[in-house]
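Here, each number is a calculation from the coordinates, and none is a lab measurement. If you're wondering where the values come from, they're calculated on a predicted model, not measured in any experiment. Every residue, glycine among them, receives a Cβ derived from its backbone with ideal geometry; neighbour counts consider all protein chains shown.
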């Protein structure tokens, strides 16, 4: 087989987005997927396209990537279910309300449209929230998407432009060669690992699994209009040890409600854990009492890929590997869906040596090897 | 939380026998069933009007129900099992007029007698009002839907068709034809094999006699259901024998393609499977030492098999050996196998759906949109097929037949339940459901 | 033994025998139980509670399997969307 310009291991949303970017350039692209395409982290993603400001670098990347989603939204097929629902960060007390005002400023300065909502305005926008909340921050540019179909769309686009998809497990990936389980050996100038939490190809990858639970209900059109996230969500996402839950709920285009979120560290298996599920539901009940009666169709779990400094790894694998052919698009934690198009763009820029729309240095994998960075964590 | 020694899930023939046998031999037994009354499918109680007139099996049904009543086993109807753990708990939801009652049951031994459901195969127009399952229409008649004077075509495959047709005729429907896809040769061989089961043969002959006005179209299948002038209700079906196609007017179509086992609880618990059926030993014990399985989930083999297997499982729970009964199981299994062969689905049925024929009825996913995927998980993620409330119970067997993919992992909840149900692991609780807007009390 | 009840189906009164399931009552009234995702009228198919085609709004509560519910006096039943 002729050598490829690039081989991408992982046909999740990130790998598929990279594949599409490369194929658009006219590159000879190969995508390798050992399981079901988009069946890993992507299938456990909430599909929230959101600007997240837990650090300037995170804000820059999510804002950039969100703008790509918005720009592409016309082209996305119906199955992707992209909707500009907007997010409301919900404040439950005065302390959280103060945080709302702070974040409002941060967003304004970054050019992200955001509006402070009073308690009355919050109740008006989301009547099923309980009374007694103090208000919130509305971010109208945020969106909602169905991740597996988005990944499927990117992959289909890549294929249309000539990319080849290999449905086989990659057993090794190094020095420009990927060996598949069926014995086929693929050769490329570059290899990208976009593997979610399945890091056996590069064990030195500093990725930790963070388990999350999701619940989806039957159809209740009109129950919820925006994605609602409690302000405590960031505290939950920040924690580096222990289990935590945070209220996070999304209206799907079907009228179903997708409820999260939970975070756990450790070597948990994929089973649904009754205790953490109960805590997640209790937390949600504290914001939307009406949820308790809604009919639930499915409960499942997934694993986010987390890094020590909560920023993804986008760029050459230098620092973790001497292998000059290896590149990474990994460690997206809870922002894989949001950041997929942005990360794909940044990775392309790095490969082509072009300047990126945003400063790409915070996401370079090599940063995690710097002692200063490690001390900060 | 209710604790019992033996918990039986399913109050059909297998569950009734199992519960009675265990209770008679000293076990504390609770039987749970999703339906309002015991009986399962084949012995479904009519909830309205006079009970169905006498037919074979009637005597057995009443004797079995009476035996259950006298045994002391407690029967709880309307309980839908949505969660189960092999360590010894089962959770059920029970819909009342004021809400949903979520209950926990703790067991020492569990007997799964969850029966089977019909297999539906899609054809253009199968979603029209007026098209029902075969057993489905019979169940609805027992629930008060009158078919007197209505013209009915019964179609598909399996021994159920004749039974349904005969009962519908007794309920004064005009059963114009029974359309059976099995070939004459297959049916003849099956009939020949019934010499070893004279009771079944006699039953079949009786059904056929009751349908003396009905055309029995062997080696034929429905290719389309056609709407009447209002576009919404069934008016006719198109039938083929592989060569000719003709139209038969009808008001109702009762269509089913034999049975698929209800193995969801067994799968959730982690029981080993033998193909699509639950693997059991001679005492009906599954790969989990405290879980037994009896009847259709171990192999589609009919009423007698279910009764004997249930008996064995119940006695095994009471510590009683059953070598004599086990011999009968072997004979009934052989009958089940000859049924499988006789009513095997012909490949032409795969060409019946058109690209715009709906396959997943919950999400309206069409046949044409299911191509080009790598497997069941892929097609589910990309098309939403199987993501609706039926959780793949209807479309799963369809996809398996049309595309060759077996459904994958089963998760709880096995049936939709209110969100709050997940918050009560140790107690039983009533979740009030209202249609008032929710207002938190300050 | 033929006690009649009245229930409301999509606002119109129906009289059915006690013991009639809601699904059967909707069939008797020639009303669909629900409208599917693409707008098709649907009613009970399997009669045994597994297909979910018979789902309707019963006494204001959506997504109830009507083949498993017996009619009660003054019950309100609406097709679900």
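Three principal axis extents of the stretch A:113-244 based on alpha-carbon atoms, in descending order, are 63, 39, 32 Å. Computed extension length for residue B:320-residue B:427: 35.2 nm, one decimal, from 0.36 nm per residue of separation with the Cα-Cα distance subtracted.
With a Förster radius of 30 Å applied to the C-beta separation of residue B:403 and residue B:247, the computed FRET efficiency comes to 0.55.
Taking 1.002 mPa s as the viscosity and 20 °C as the temperature, the Stokes-Einstein diffusion coefficient of the stretch A:167-210 based on its alpha-carbon Kirkwood radius rounds to 190 µm²/s.
Can you give the convex hull volume per residue for the Cα atoms of the stretch B:66-220, as a whole number of Å³?
203 Å³
Evaluated over the Cα positions of the stretch B:252-348, the convex hull gives a direction-averaged projected area, one quarter of its surface, of 7.7 nm². From the largest down, the stretch B:136-244 spans 50, 37, 22 angstrom on the principal axes of its Cα atoms. Three principal axis extents of the stretch A:183-301 based on alpha-carbon atoms, in descending order, are 54, 32, 25 Å. All alpha carbon pair distances within the stretch B:1-48 were sorted into 10 Å bins beginning at 0; the resulting P(r) in whole percents reads 29, 48, 21, 2.
With N residues in the stretch B:249-296, what two-decimal value do you get for its Cα radius of gyration over 2.2 N^0.38 Å?
Details: Rg = 15.5 Å, N = 48, 2.2 N^0.38 = 9.6 Å.
Rg over 2.2 N^0.38 Å, computed on Cα atoms: 1.62.
If you wrap the protein assembly as shown's Cα atoms in a convex hull and average its projection over all directions, what's the area in nm²?
Values: hull surface 154.9 nm².
So the mean shadow area of the Cα hull is 38.7 nm².
Dividing the Cα radius of gyration of the stretch B:303-442 by its Kirkwood radius returns 1.13 for Rg/Rh. Pairs of C-alpha atoms in chain A farther apart than 28 Å represent 43 percent of all such pairs. Ellipsoid semi-axes for chain C, based on the Cα gyration tensor and the rule √(5λ), read 20, 13, 10 Å when sorted largest first.
Based on alpha-carbon positions alone, could you give the equivalent ellipsoid semi-axes of chain B from the gyration tensor, as √(5λ), descending, whole Å? Provide the component values of the computation, followed by the final result.
Working: eigenvalues 232, 156, 96 Å².
Semi-axis lengths for chain B are 34, 28, 22 Å.
Zone of residue B:287 (label point 7 Å along Cα→Cβ, backbone N under 16 Å): which residues in the stretch B:71-86? Counting backbone N atoms under 16 Å from the label point, the list is B:86. Using a basic spin-label model with each label point 7 Å from the Cα along Cα→Cβ, how many nm lie between residue A:322 and residue A:72? Those two pseudo-labels are separated by 3.7 nm. Spread over its residues, the convex hull of the C-alpha atoms of the stretch A:11-114 is 142 Å³ per residue. Once the C-beta distance of residue B:348 and residue A:300 is scaled by a Förster radius of 35 Å, the resulting FRET efficiency is 0.40 to the nearest 0.05. Seen through its C-alpha gyration tensor, with square-root eigenvalues sorted a ≥ b ≥ c, the stretch A:64-144 comes out oblate because a/c lies at 1.5 or above while a/b is not bigger than b/c. Which values of log₁₀ I(q)/I(0), to two decimal places, follow from the Debye formula for the stretch A:253-310 at q = 0.20, 0.30 Å⁻¹ with a uniform point scatterer at every Cα? Computed log10 I(q)/I(0) values: -0.90, -1.43. Legend: translational diffusion of the stretch A:30-75 by Stokes-Einstein, Rh = Kirkwood radius over C-alpha pairs, 37 °C, 0.692 mPa s; D = 259 µm²/s. Pair-distance distribution P(r) for the stretch A:247-357, from all Cα-Cα distances in 10 Å bins starting at 0: 11, 32, 28, 18, 10, 1 percent. Histogrammed with a bin width of 5 Å, the alpha carbon distances of the stretch A:212-270 distribute as 4, 19, 24, 19, 15, 11, 6, 1 percent, first bin at zero. Sorted ascending by nearby beta carbons within 10 Å, beginning with the fewest, B:298, A:118, A:197, B:2 become A:118, B:2, A:197, B:298.
Stretch residue B:337-residue B:272 to full length: gain in nm at 0.36 nm per residue minus the Cα-Cα span? Going from the current span to full extension adds 21.4 nm. Using the beta-carbon distance between residue B:208 and residue B:28 and R0 = 60 Å, what value does 1/(1 + (r/R0)^6) give for FRET efficiency, to the nearest 0.05? About 0.85, to the nearest 0.05. The angle between the Cα long axis of helix A:56-72 and the main principal axis of chain A comes to about 80°, on a 0 to 90 degree scale. Helical runs (DSSP H, four residues minimum) scored at -39500 (n - 2.57) apiece and divided by the length of chain B put the mean residue ellipticity at 222 nm at -9000 deg cm²/dmol.
A simple spin-label model places pseudo-atoms 7 Å from Cα toward Cβ; at residue C:76 and residue A:187 they are separated by 7.4 nm.
Tell me the angle of helix A:147-160 to the major Cα principal axis of chain A, expressed in degrees between 0 and 90 and rounded to the nearest ten. Helix A:147-160 and the main axis of chain A meet at about 30 degrees. The alpha carbon gyration tensor of the stretch B:1-110 gives principal lengths a ≥ b ≥ c with a/c of 1.5 or higher and a/b no greater than b/c, which makes the shape oblate. The smallest convex shape that holds all Cα atoms of the stretch B:335-391, its convex hull, gives 118 Å³ per residue.
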